[in-house]
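One structure below.
The values are calculated or read from the model by the stated rules, or taken from the named source; none is laboratory data. Since this is a predicted model, take the numbers as computed values, not measurements. Cβ: placed from backbone, ideal geometry, glycine included. Neighbour counts: every protein chain shown.
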Amino acid sequence: MIKTLQAVRGMSDILPDEAEIWESFEDIVRDWLKCYGYRPIRMPIVEPEPLFHRAIGEVTDIVEKEMYAFEDALNGERLALRPEGTAGCVRAVIQHNLVASEGPQRLYYQGPMFRHERPQKGRYRQFHQIGVEALGFAGPDIDAELIIMCVRLWEQLGLADLKLELNSLGSAEERANHRAALIAYFESNRDKLDEDAQRRLHANPLRILDTKNPAMQEIVEAAPKLADYLGEESRAHFEAVQALLNEAGIAFRINHRLVRGLDYYNRTVFEWVSDQLGAQGTVCAGGRYDGLVGQLGGKPMPAAGFAMGMERLITLWQESGEVEYAVERSIPEVYVVHQGERAQRMAFCAAEILRDIGFDVLLHCGGGSFKSQMRKADASGAALALVIGENEAAAGEVGIKPLRDGDAQRRVPFQALAEAVANVLYGSEIPQDFEHREENGVEDGSI
């Protein structure tokens, strides 16, 4: 017996009922981003491995433990499945000279990302993100807009109880001063550090603040705060962001331990969190990354953005009860049943004519009796069945059977099919341009 293959652990199939929810969610997101002036960009799923080492940081969980990296067997190049989208987006902007040639950019992308984590609710090895990046904008206004626009999406999705956490990571110099203070503090408490913290102590002590180890919470809470090391310019920037959020009526909490898991962030960082997803409560996170473009070889420029986890947001959306009002199920308006060789040819032609004028039509395939076909027509959810047998085909007619209101079946001339279907379904006539299609010889049922 041939062994049945399964999907890779942590990489899930999205089946049709669920996929329709995803598509409706994506439609809402595209319209939302468009109203803020963001344009789509699409980057490869596979990128050079050094891109993520340079952008995310060598001493991060993503690079050290989670990234799917491999050697191209054909040329020996080190490649990686993208674990996040910002690095690839910035690489594309630099490579194609977008900001220099077209000015500041508001960009978004969506698609799968990959991290080798322990699968659990809200965390998968293949997961999907929507990323939003604003490149070339230096002021606190873009930081605030990125946060404010999230509020609009939460409202459109009917999501409540999402809470905003905010922090500032300051400039590189300010972080260096804070880093020195952190190292001194953690060195004096070295016996209380776990293995990860001891390994990061000199390489990336800021990441110790993000530990999830319960045994280290007390020592981390007492660590020096970056806010105490912010200079006048960074402090003014952060205060301006807060003022804009206050003006917009957006509640937030300053979280001094919010450092994000990627090294490229500076100044404003933020997370939207929910208590409905267990330990994996972050649904959207981002901030400013002014140094990343220069770090990846481009001309230095300010930049900010965020990414949101689609799986987590869709889970919250489903639990909110709002999904059923937004999701368009794939239900045909017309189901075509037929029997006999001539009837089959006529059925194909009838289906294409109706599709030409905008009807959603499901043509029965696979044979079967009229009775079994009608059962499938009813189960499809279609409002109307077209019935074409040998008698109808010989007479140049089509049977029209309403499936939802109990009306009797009637036959109409094939030439009147489109008008009859439009009248039964919508009580209206077909579009005027249908006459042009009839002139091209499709009105008589021939193929």
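The table for this structure:
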read-out: Qualifying position, being assigned to a helix (DSSP H, G or I) and without any contact (Cβ under 8 Å) to a residue 24 or more places away in the chain, among Gly294, Gly249; value: Gly294
read-out: Conditions (1) surrounded by fewer than 17 Cβ atoms within 10 Å (Cβ to Cβ); (2) at pLDDT below 85; number of the one not met by Lys163; value: (2)
read-out: Residues of the stretch 186-208 that turn out to be in contact with a Leu (Cβ under 8 Å, 6 or more places away or on another chain) and among the aliphatic types (A, V, I, L, M), as a count; value: 4
read-out: Extreme residue, farthest from Val398 (Cα to Cα), among residues of the stretch 342-388 that are more than 35 Å from the chain's Cα centre (by Cα) and β-branched (Val, Ile, Thr); value: Ile353
read-out: Yes/no for Tyr124 being within 15 Å of Val283 (Cβ to Cβ), surrounded by 15 or more Cβ atoms within 10 Å (Cβ to Cβ) and hydroxyl-bearing (Ser, Thr, Tyr); value: yes
read-out: From Glu58, Glu84, Glu64, residue being in a helix (DSSP H, G or I) and within 24 Å of Arg200 (Cβ to Cβ); value: Glu64
read-out: Residue match in the stretch 82-91 (condition: of a type in the set (Asp, Glu), at pLDDT 90 or above, closer than 18 Å to Leu135 by Cα and within 24 Å of the chain's Cα centre (by Cα)); value: yes
read-out: Flag if Glu155 is within 20 Å of the chain's Cα centre (by Cα) and charged (D, E, K, R); value: yes
read-out: Residue check, Thr282 free of Cβ contacts under 8 Å to residues at least 40 places away in the same chain, of a type in the set (Ser, Thr, Tyr) and not assigned by TED's automatic domain parsing to the domain that holds Lys65; value: no
read-out: Search result, residues across the stretch 37-55 that are in a loop (DSSP other than H, G, I, E, B), in contact with a strand residue (DSSP E or B) (Cβ under 7 Å, 6 or more places away or on another chain) and of a type outside the set (D, E, K, R); value: Gly37, Tyr38, Ile41, Met43, Ile45
read-out: Residue within the stretch 47-64 that is of a type in the set (A, V, I, L, M), buried (at least 19 other Cβ atoms within 10 Å of the Cβ) and farther than 22 Å from Leu292 by Cα present; value: no
read-out: Test: residue in the stretch 372-384 that is over 19 Å from Val421 (Cβ atoms), not in a loop (DSSP other than H, G, I, E, B) and not basic (Lys, Arg); value: yes
read-out: Close pairs (7 angstrom Cβ cut-off, 6 or more residues apart or separate chains): in the same structural domain as Ala418 (by TED's automatic domain parsing) in the stretch 340-356, among the small types (Gly, Ala, Ser) and in a helix (DSSP H, G or I) anywhere; value: Gly340/Ala393; Arg342/Ala393; Ala343/Ala393; Met346/Ala393; Ile353/Ala418; Leu354/Ala418
read-out: Check on Gln242, closer than 22 Å to Thr282 by Cβ and loosely packed, with under 13 Cβ neighbours inside 10 Å; value: no
read-out: Qualifying position, being in the same structural domain as Tyr265 (by TED's automatic domain parsing), aliphatic (A, V, I, L, M) and out of contact with any helix residue (DSSP H, G or I) (no Cβ under 9 Å at 6 or more places or on another chain), among Ala92, Ala7, Ala73, Ala69; value: Ala73
read-out: Unmet requirement for Arg118, which otherwise passes all of (1) modelled with pLDDT under 95; (2) assigned by TED's automatic domain parsing to the domain that holds Met310; (3) more than 30 Å from Arg9 (Cβ to Cβ); value: (3)
read-out: Single residue of Leu201, Leu193 found to be at pLDDT below 90, touching a helix residue (DSSP H, G or I) at 6+ places or on another chain (Cβ under 9 Å) and surrounded by fewer than 20 Cβ atoms within 10 Å (Cβ to Cβ); value: Leu201
read-out: For Lys212: the one exception among (1) within 29 Å of the chain's Cα centre (by Cα); (2) loosely packed, with under 13 Cβ neighbours inside 10 Å; (3) part of a helix (DSSP H, G or I); (4) not hydrophobic (A, V, I, L, M, F, W, C); value: (3)
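Residue by residue, here is whether (1) at pLDDT 90 or above; (2) touching a Cys at 6+ places or on another chain (Cβ under 9 Å); (3) not hydrophobic (A, V, I, L, M, F, W, C) holds:
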| position | (1), (2), (3) |
| --- | --- |
| Gly367 | no, no, yes |
| Phe370 | yes, no, no |
| Ile388 | yes, no, no |
| Asn391 | yes, no, yes |
| Gly406 | no, no, yes |
| Pro413 | yes, no, yes |
| Asn423 | no, no, yes |
